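Colleague: Submitted below is the structure of interest, expressed as structure tokens.
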Amino acid sequence: MAGVFTQQEVGSDAAVAADDLVAAADDSLSALRSVAIGLADLVVDAAELDERADAIARREREVAEAEQALEWRAFVLEHEQRIVEERAREIEEKAGRMHWRWLLRAWRWRPPIATRSFRVCEFLFVPTPGGYALLEQEGVALRPGAILTGLTGSDAQFQVTKIAQWDFDGRWCAYVQQTSQPNEERGIDGID
């Protein structure tokens, strides 16, 4: 009987060992399944992190492009500001000069001189062979009937027929007519 117990004991030990082995295998499979689920979760997390990294990289490129656009706009604005400042300076200079111009014009448009019929005329309206010419003069006091020579670069004489004020700027103009021809058009020694 002792041999029977030994076989049964051996069979029962083997069964217990097999059960332990099966239990250990089940535990290992369960652990592997847990690890596999954990790895699957890590793969999903890694994919999400890759998507986030791509989104961050896109956003960084957009921010870099926006920074470049802002730098360009700042450069353009600085340039335009310099232009505006230069234009303002030119306007201030012009305004400073305009003050004196206005004063000079106001002085030129002074009331006519009350003595006799003389007027200070700024322009002479002169007939020429090619039409009429407007000659600008300064400080020439004339009266109707005055005789002028050398206006057109020749010896011709001109008589002041009229002195009038111009409507558009108030300056005085003397209108003249030719009274004699220059020596070149006359006969020898100026005799007809």
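Only the coordinates and a few stated rules stand behind these numbers; no lab work does. The structure displayed is predicted, hence computed values, not measured ones. Using ideal geometry, Cβ is built from the backbone for each residue, glycine included, and neighbour counts are taken over all protein chains shown.
Colleague: Work out the FRET efficiency for Ala133 and Glu71 from their Cβ-Cβ distance, taking R0 = 41 Å, and round it to the nearest 0.05.
Modeller: 0.10
Colleague: Please compute the net charge surrounding Ala69, taking Lys and Arg as +1 and Asp and Glu as -1 over other residues with Cβ under 14 Å from its Cβ.
Modeller: Result for the local shell: -2.
Colleague: Turning to a different aspect of this structure: Would you list Ile163, Ile83 from fewest to most Cβ contacts within 10 Å?
Modeller: Ranking Ile163, Ile83 by Cβ neighbours within 10 Å, fewest first, gives Ile83, Ile163.
Colleague: Under 9 Å from the Cβ of Phe123, count the other residues' Cβ atoms, weight Lys and Arg +1, Asp and Glu -1, and hand me the total.
Modeller: -1
Colleague: Can you give the net charge of the other residues whose Cβ lies under 13 Å from the Cβ of Glu48, counting K and R as +1 and D and E as -1?
Modeller: -4
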